[in-house]
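To start, the structure under review is shown below, and the notes come after it.
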């Protein structure tokens, strides 16, 4: 006995175009566009934070206080290197843009990193554990204008020239250095696979972060004022360094950036550029690439700082003395009041000095 299919049964067996029962819809946007949309959100957030900062009374220098002990040669060295290096890099990418008609991939990486700049104070989001030397030229910090910021008193002054140099000189120099290193490895170990290259990058980034940070700590230009003593180098000294910083920052954030940059295709496209050729537009592609990569970097950095702040709640070792140019009135340091837990609604007391 046969039965006649109902209209609903026939429709269920029929392949419907695109939107199914919703009717015909357009094709999905490529991955680069979706990421760029998220990157645009981070860009607006960054502009909002910086805009409020530069128009506020907080946009002023944090003074170093009365304590001596800073070797100003290193302050001048890092500021000078940052300024000169940034000028050289910007000049180079402008010439490359004029000659090649497009920005080199390393410039895309540098600009994408700049979209994460607003996150720098998040290392102290719940509890002050790190501070720059306030002898650096600075205009305070924008931390209080980050939505949801926990005000525990005091600031970590951002060294303005060194900070700019990180994004416009040290990051691109790092990326090009890792790229050259991997090419050297490939020439000398031709049978190495991608997993081996990734392992090389992780080891290199960890070693670079640990060595680089120890150099600046010895120079006195910054300090980790609280660390987990059992998982740190030289705990209880002025040069204490948390090894988890090398893992999550060196291997995690910087390592991720290096891998995205180094594993690009023959046209210089990175994994975040997928779907770029599907776009009909020609103008504005560079901006899309920056936003797309910036979204990935922002997400990665948020994950990094989330984990970092969780670990920081258990940091149990500080330094024998914390000078005024490092303390900067931050809670839990010197004679300053203890830090108020982030879940408390109590306002921290004023510093005692």
## Note on the structure
The residue that is surrounded by the fewest Cβ atoms within 10 Å (Cβ to Cβ), considering only those in region 184-194 that are in contact with a helix residue (DSSP H, G or I) (Cβ under 9 Å, 6 or more places away or on another chain) and in a helix (DSSP H, G or I), is 186
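The rows are residues; the columns are (1) surrounded by 20 or more Cβ atoms within 10 Å (Cβ to Cβ); (2) in contact with a helix residue (DSSP H, G or I) (Cβ under 6 Å, 6 or more places away or on another chain); (3) at pLDDT 95 or above; (4) part of a helix (DSSP H, G or I).
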position: 246; (1), (2), (3), (4): yes, yes, no, yes
position: 261; (1), (2), (3), (4): yes, yes, yes, yes
position: 267; (1), (2), (3), (4): no, no, no, no
position: 277; (1), (2), (3), (4): no, no, no, yes
position: 280; (1), (2), (3), (4): no, no, no, no
### Query
Of all residues in region 195-218, how many are surrounded by fewer than 19 Cβ atoms within 10 Å (Cβ to Cβ) and over 21 Å from residue 184 (Cα atoms)?
7
### Query
Give me the pairs: first residue in region 315-341 and at positive phi and free of Cβ contacts under 8 Å to residues at least 60 places away in the same chain, second residue in a loop (DSSP other than H, G, I, E, B) and surrounded by fewer than 19 Cβ atoms within 10 Å (Cβ to Cβ), beta-carbon distance under 9 Å, and six or more apart or on different chains, which are they?
334/321; 334/351; 334/352; 334/353
### Task
Give the residue, chosen from 155, 185, 171, 150, that is within 23 Å of residue 260 (Cα to Cα) and in contact (Cβ under 8 Å) with a residue 40 or more places away in the chain.
171
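Residue-by-condition table, conditions (1) in contact with a helix residue (DSSP H, G or I) (Cβ under 9 Å, 6 or more places away or on another chain); (2) modelled with pLDDT under 90:
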site: 299; (1), (2): yes, no
site: 303; (1), (2): yes, no
site: 307; (1), (2): yes, no
site: 310; (1), (2): no, no
site: 327; (1), (2): no, no
site: 330; (1), (2): yes, yes
site: 337; (1), (2): no, yes
site: 341; (1), (2): no, yes
site: 345; (1), (2): no, yes
### Task
Say whether the condition of being within 23 Å of the chain's Cα centre (by Cα), touching a residue at least 40 places away in the same chain (Cβ under 8 Å) and either over 24 Å from residue 41 (Cα atoms) or not in a helix (DSSP H, G or I) (or both) is met by at least one residue in region 286-296.
no
### Query
Does residue 242 qualify as being modelled with pLDDT of 95 or more, surrounded by 16 or more Cβ atoms within 10 Å (Cβ to Cβ), over 22 Å from the mean Cα position of the chain (by Cα) and under 29 Å from residue 73 (Cβ atoms)?
no
### Query
Wholly within region 25-133, which helices (runs of 4 or more DSSP H) include no fewer than the required count, namely at least 1 residues that are under 17 Å from the mean Cα position of the chain (by Cα) and at pLDDT below 95?
none
### Query
Of all residues in region 199-243, which are over 24 Å from residue 330 (Cα atoms) and touching a helix residue (DSSP H, G or I) at 6+ places or on another chain (Cβ under 7 Å)?
200, 201, 202, 204, 205, 206, 208, 209, 210
### Query
In region 314-324, is there at least one residue being in a helix (DSSP H, G or I) and either modelled with pLDDT of 80 or more or over 18 Å from residue 217 (Cα atoms) (or both)?
yes
### Task
Would you point out the residue of region 124-153, among those that are surrounded by fewer than 22 Cβ atoms within 10 Å (Cβ to Cβ) and in contact with a strand residue (DSSP E or B) (Cβ under 8 Å, 6 or more places away or on another chain), that is farthest from residue 78 (Cα to Cα)?
130
### Query
Given (1) surrounded by fewer than 22 Cβ atoms within 10 Å (Cβ to Cβ); (2) within 20 Å of residue 295 (Cβ to Cβ); (3) touching a helix residue (DSSP H, G or I) at 6+ places or on another chain (Cβ under 6 Å), where does residue 110 come up short, assuming only one miss?
(1)
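The values are calculated or read from the model by the stated rules, or taken from the named source; none is laboratory data. Treat the numbers as computed from the prediction; the structure is a model and nothing was measured. Because the Cβ atoms are built from the backbone with ideal geometry, glycine has one as well, and the counts that use them run over all protein chains shown.
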